[in-house]
Amino acid sequence: MSFRVASRLATLPPPATIAMAARARELRSTGVDVISLALGQPDFSSPQEAVEAAYQAGLEGNTGYPPIAGQKPLIDAIIRKFKRDNNIDATPERIMVANGGKQVIFNAFMATLDPEDEVIVPAPYWVSYPLIAQMFGAKAIEVPTREEDGFRPDPDAFRAAITPKTRWLVLNFPNNPTGAILERRDLEAIADVLRAAPHVMVMSDEIYEHLTFDGKKHLSLLEVAPDLADRILIINGMAKAYAMTGWRVGFACGPAPLIKAMISVQGNATSGICTLAQAGSVAALDGGMERIQMMRETYQKRRDKMIEFLKDIPGVTCATPEGAFYVYPGIAALMGKKTPQGRVLDTDIAFAEALLEEAHVATVPGSAFGLSPYLRLSCAASDEQLEEASRRLAHFVKELR
Ligand code: PLP
């Protein structure tokens, strides 16, 4: 039997990170001490109250098929969350729960995109937006941001990128991979662009909203531009702020007709979300902000340390992230150099590969996020690991010729 994948998969580019992750595992299995700063996974445990609530839900028999959109206690907790954190009044028909933020994105794009439609994605971006859009035959229109601007997008560049085929503008702030956040004036300028383009929807991925530094607070586009409520889809979830990546609970707040279409997509794919995970998520969302405050302070200290290290490495630049848990150093000045083992660093992929092979530090090259030459280093690692990884990176750069 000959096997053939569907064309929507055949045209997807291979993820730049997979080969690197496989090689890191291979090196580790041969006893090499690889430090990985490649993962976007919080290194904290999930809240105890979430674990207890999930267990209790199981004991109480909350184990049947749930409603596709989400169980009422979780929908209600999400509505409370939007009021508390974003000053947004949501109603149940504007909310849905999915298997992680990623499924929310999948549902939204599947519900709305036709072949040749366009999705504007500021670069660098989290890889899934363009890849999922591409699965439905749509085109990702990349709008690069600049390190000098702190990786904040230029609203005029959005204006210039909008065509009659544009269906979505994707915003992800605090940003993965750069940690950039948007100020009120940035959001107001973007809202103005959108008012002049009434056919464009906005996907605002706010999954890192609680992880902001230096006393800065995340602002939601919907809070700043409530008149655009029928065009803004907010994506959020339990993964990052609550360290609940494996529970697979994400949620959305958006226009009721869009949410209805997304529920229809999900009903034909996975149905409702694991009931125990939903019960745990209610407990976490209602469980107070102290843990989040602790994580935010820890990430900020680690960011400070990483920036301190990076600024002492000649040839490396680094904008200071204002949120999330990554740093995104630039390595343009090191392109074309050679390692002691003779590898030529002509791209950030070659740099990341050589750093892994010769200094045993796993990172993700900027190419994976659509803006090169950069590296993404995750601060979701211990102080000792971050220090040792920085030492190895500094030594690696020092040896380049
Ligand atoms: N959005 C961004 C920007 C992310 O970085 C991630 C995970 O890395 C997600 C969404 C997906 O989160 P989830 O684990 O809830 O699917």
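The values are calculated or read from the model by the stated rules, or taken from the named source; none is laboratory data. The structure presented is a predicted model; accordingly, all values stated were derived computationally and were not measured. Methodologically, a virtual Cβ is constructed for each residue, glycine included, from the backbone with ideal geometry; neighbour enumeration extends over all protein chains shown.
Residues of the range 307-319 being in a loop (DSSP other than H, G, I, E, B) and either surrounded by 15 or more Cβ atoms within 10 Å (Cβ to Cβ) or on the phi > 0 side of the Ramachandran plot (or both), which ones?
Here is the first cut: in the range 307-319, the ones in a loop (DSSP other than H, G, I, E, B) are 312-316, 318-319.
Across the range 307-319, the qualifying residues are Ile313, Gly315, Val316, Cys318, Ala319.
Consider the range 31-44. How many of its residues are assigned to a loop (DSSP other than H, G, I, E, B) and within 16 Å of the ligand (Cβ to nearest atom)?
Here is the first cut: in the range 31-44, the ones assigned to a loop (DSSP other than H, G, I, E, B) are 31-34, 37-44.
Those still in the list that are within 16 Å of the ligand (Cβ to nearest atom) too: 37-44.
Number satisfying all stated conditions: 8.
Looking only at residues in the range 189-211 that are touching a Phe, Trp or Tyr at 6+ places or on another chain (Cβ under 9 Å) and of a type in the set (Asp, Glu), which one is farthest from the ligand (Cβ to nearest atom)?
By that ranking, first place goes to Glu209.
Any idea which of Ile331, Ile263, Ile235 is in contact (Cβ under 8 Å) with a residue 60 or more places away in the chain and in contact with an Asp or Glu (Cβ under 8 Å, 6 or more places away or on another chain)? Quick ask: steps written out before the conclusion?
Numbers: Ile331 fails: in contact (Cβ under 8 Å) with a residue 60 or more places away in the chain; Ile263 fails: in contact with an Asp or Glu (Cβ under 8 Å, 6 or more places away or on another chain).
Only one candidate qualifies: Ile235.
Just to be sure, is Ser281 outside any helix (DSSP H, G or I), surrounded by 20 or more Cβ atoms within 10 Å (Cβ to Cβ) and either more than 22 Å from the chain's Cα centre (by Cα) or of a type outside the set (Phe, Trp, Tyr) (or both)? Outline the logic, then answer.
Values: outside any helix (DSSP H, G or I): no; surrounded by 20 or more Cβ atoms within 10 Å (Cβ to Cβ): yes; either more than 22 Å from the chain's Cα centre (by Cα) or of a type outside the set (Phe, Trp, Tyr) (or both): yes.
No: the conditions fail for Ser281.
Take the residues in the range 230-255 that are over 11 Å from Ala277 (Cα atoms) and in a loop (DSSP other than H, G, I, E, B); name whichever of them is farthest from the ligand (Cβ to nearest atom).
Pro255
Which residue, of Ala50, Ala54, is assigned to a helix (DSSP H, G or I), touching a Leu at 6+ places or on another chain (Cβ under 7 Å) and modelled with pLDDT of 95 or more?
On the way: Ala50 fails: touching a Leu at 6+ places or on another chain (Cβ under 7 Å).
The unique qualifying residue is Ala54.
Go through Ile88, Ile79, Ile68, Ile95 for me and flag whichever is under 14 Å from Ile234 (Cα atoms), assigned by TED's automatic domain parsing to the domain that holds Ala261, away from the ligand (no atom under 16 Å from the Cβ) and touching a helix residue (DSSP H, G or I) at 6+ places or on another chain (Cβ under 6 Å). Reasoning before the result, please.
Values: Ile79 fails: touching a helix residue (DSSP H, G or I) at 6+ places or on another chain (Cβ under 6 Å); Ile68 fails: under 14 Å from Ile234 (Cα atoms); Ile95 fails: away from the ligand (no atom under 16 Å from the Cβ).
That would be Ile88, the only listed residue that is under 14 Å from Ile234 (Cα atoms), assigned by TED's automatic domain parsing to the domain that holds Ala261, away from the ligand (no atom under 16 Å from the Cβ) and touching a helix residue (DSSP H, G or I) at 6+ places or on another chain (Cβ under 6 Å).
Yes/no matrix, rows are residues, columns are (1) of a type in the set (A, V, I, L, M, F, W, C); (2) crowded, with 17+ Cβ neighbours inside 10 Å; (3) within 16 Å of the ligand (Cβ to nearest atom); (4) closer than 28 Å to Ala256 by Cβ:
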residue	(1), (2), (3), (4)
Pro115	no, no, no, yes
Ala123	yes, yes, yes, no
Ile132	yes, yes, yes, yes
Asp156	no, no, no, no
Arg159	no, no, no, no
Ile162	yes, yes, no, yes
Lys165	no, no, no, yes
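Every residue, every condition in (1) over 19 Å from Ala123 (Cβ atoms); (2) touching a helix residue (DSSP H, G or I) at 6+ places or on another chain (Cβ under 9 Å); (3) part of a helix (DSSP H, G or I); (4) at pLDDT below 95, yes or no:
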| site | (1), (2), (3), (4) |
| --- | --- |
| Val170 | no, yes, no, no |
| Glu188 | yes, yes, yes, no |
| Asp192 | yes, yes, yes, no |
| His218 | yes, yes, no, no |
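In this structure, does Arg184 turn out to be buried (at least 18 other Cβ atoms within 10 Å of the Cβ) and away from the ligand (no atom under 16 Å from the Cβ)?
On the way: buried (at least 18 other Cβ atoms within 10 Å of the Cβ): no; away from the ligand (no atom under 16 Å from the Cβ): yes.
Considered against the rule, which asks whether it is buried (at least 18 other Cβ atoms within 10 Å of the Cβ) and away from the ligand (no atom under 16 Å from the Cβ), Arg184 comes out as no.
Here's the yes/no breakdown for (1) touching a residue at least 12 places away in the same chain (Cβ under 8 Å); (2) in contact with a strand residue (DSSP E or B) (Cβ under 9 Å, 6 or more places away or on another chain):
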residue: Phe3; (1), (2): no, no
residue: Arg23; (1), (2): yes, yes
residue: Gln56; (1), (2): yes, no
residue: Ala77; (1), (2): yes, no
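Conditions: (1) touching a strand residue (DSSP E or B) at 6+ places or on another chain (Cβ under 8 Å); (2) under 30 Å from Glu297 (Cβ atoms). Ile349 meets all but one. Number of the miss?
(2)
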